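> This is the structure I have questions about; it appears just below.
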């Protein structure tokens, strides 16, 4: 399994010959280097319905005849836009041809503003991908919650992608505590520096996680981690 960071919270996962894009916010993302029209993928997984996560999912999914995996509300929204979808919800899991996906709880919001109105898009989620004996956890946008300990106990997490940008999600201190609860083999910070309000230095996160005996790695946009 290979995971490549595409900026903000977008991660490309490659496993079993399949390409899975998580939270493809590329257009309007000042740090993104990949254009949505250049994305090749088989699946798009969306953690929640905010613009900086739903992003270019509809365009990418339709261009690739890819399947959108998301909570029921986000999946239904994408289906109405012409996408192939596989709806799921919190606590549910499903086996795909690339591996098993399970949605976990996340403490955040989920909705879009269109034509001056808010469209409710269900509960936000974290994402667990299990394939080839490896486990990837993408926390989506979330605050710290104690059930991360349970997620870590039930899943031997190889790499955890965790938001550290503060303001909308966990900040550094809470994200470090999340690592303590999850106990992954490696932690990677996401959702920071994209905008001024989340312009957080990731180095203290790396330092504090390492001090707890857990590997941590900053991925620059376009860099990958082998799992």
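No value in this document is a laboratory result; all are computed from the given coordinates. In this text, all values refer to a predicted model and were calculated from it rather than measured experimentally. Ideal geometry is used to build each Cβ from the backbone, glycine not excepted, and the neighbour counts take in all protein chains shown.
> Using the number of other C-beta atoms within 10 angstrom as an exposure proxy, rank 105, 60 with the fewest first. Mind showing how you got there, number by number?
Details: 105 18, 60 22.
Arranged by neighbour count, lowest to highest, 105, 60 become 105, 60.
> Just for the chain, what percent of DSSP beta bridges are antiparallel, to the closest 5?
Close to 60 percent.
> Which whole-number percent of Cα pairs in region 163-227 have a distance greater than 20 Å?
More than 20 Å apart: 23 percent of the Cα pairs in region 163-227.
> Next question. Is the shape of region 87-227 best called rounded, prolate or oblate, per the rule: a/c under 1.5 gives rounded, else a/b larger than b/c gives prolate, else oblate, with a ≥ b ≥ c the square roots of the Cα gyration tensor eigenvalues?
oblate
> In whole Å, what is the distance between the alpha-carbon centres of region 147-186 and region 70-93?
25
> Provide the three semi-axes, in whole Å and in decreasing order, of the ellipsoid equivalent to region 84-123 as defined by the square roots of 5 times the Cα gyration tensor eigenvalues.
Output for region 84-123: semi-axes of 26, 14, 6 Å.
> If I build a Gaussian network model for the chain, linking alpha-carbon pairs within less than 10 angstrom, which residue out of 159, 44, 203 has the largest mean-square fluctuation?
203
> Let me ask something else. On average over all directions, what projected area in square nanometres does region 47-92 have, based on the convex hull of its Cα atoms?
Quarter of the Cα hull surface area: 2.8 nm².
> Calculate for the chain the 222 nm mean residue ellipticity that helices alone would give, adding -39,500 (n - 2.57) per DSSP H run of length 4 or more and normalising by residue count, nearest 500 deg cm²/dmol.
After summing the helix terms and dividing by the residues of the chain, the value is -5500 deg cm²/dmol.
> Let me ask something else. Please report Rg (one decimal) and Dmax (integer) in Å for the Cα set of region 158-197.
So, for region 158-197, Rg and Dmax equal 10.1, 31 Å respectively.
> Now for a different question. Return the tail of the calculated pair distribution for region 1-158, meaning the percent of Cα-Cα pairs more than 25 Å apart. Intermediate values should be presented prior to the final figure.
Details: 2804 of 12403 pairs.
When all Cα pairs of region 1-158 are counted, 23 percent exceed 25 Å.
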